[in-house]
Amino acid sequence: MATITVRVTDEEKDFLASVAKFEGKNLSEFLKTTALSSLEDTYDAQVGDIAYDEYLKNSQSRPLSDSLEEYGIGESK
């Protein structure tokens, strides 16, 4: 498993440790889950923005059943 080092002040470490304890996690687990969750949210928002921009360029829609069939979800006709 890889290790990443992040330098923080003593005050920042104390604060992060306090929040981690409040969350019932150790500091490493808290930083990892918080960072990954934030990055996933940012990524999802960016993908959504890109998809919306594409929709605005070509706002034609099609039935949901067509998309489900295309991706092999649900019953096919």
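Pairs on different chains or at least eight residues apart, Cα atoms closer than 28 Å: how many lysine pairs in the chain fit? Spell out each step's value before the answer.
Working: 13/21; 13/25; 13/32; 21/32.
Pairs that pass both the separation and distance tests number 4.
For the pair residue 5 and residue 32, the difference between a 0.36 nm per residue extended length and the Cα-Cα distance amounts to 8.5 nm.
Express the accessible area of the chain per residue in Å², computed with a 1.4 Å probe while the remaining protein chains stay in the model. Working shown, then result.
Values: 7300 Å² over 77 residues.
Per residue, the chain has an accessible area of 95 Å².
The solvent-accessible area of residue 67, taken with every protein chain present and a 1.4 Å probe, is close to 30 Å².
Accessible surface comparison of 32, 21, 13, probe 1.4 Å, protein chains only, largest first: the order is 21, 32, 13. Among the listed values (1) 0.99; (2) 1.28; (3) 1.85, the one computed from these coordinates for Cα Rg over 2.2 N^0.38 Å is (3). Only helices enter the 222 nm calculation for the chain: every DSSP H run of n ≥ 4 contributes -39,500 (n - 2.57), and dividing by all residues gives -22500 deg cm²/dmol, rounded to 500.
The values are calculated or read from the model by the stated rules, or taken from the named source; none is laboratory data. Values in this document were obtained by computation on a predicted structure and should not be read as measured data. Side chains are part of the model used for accessible areas, which takes the heavy atoms of the whole protein and leaves out ligands, DNA and RNA. Shrake-Rupley method; radii C 1.70, N 1.55, O 1.52, S 1.80 Å.
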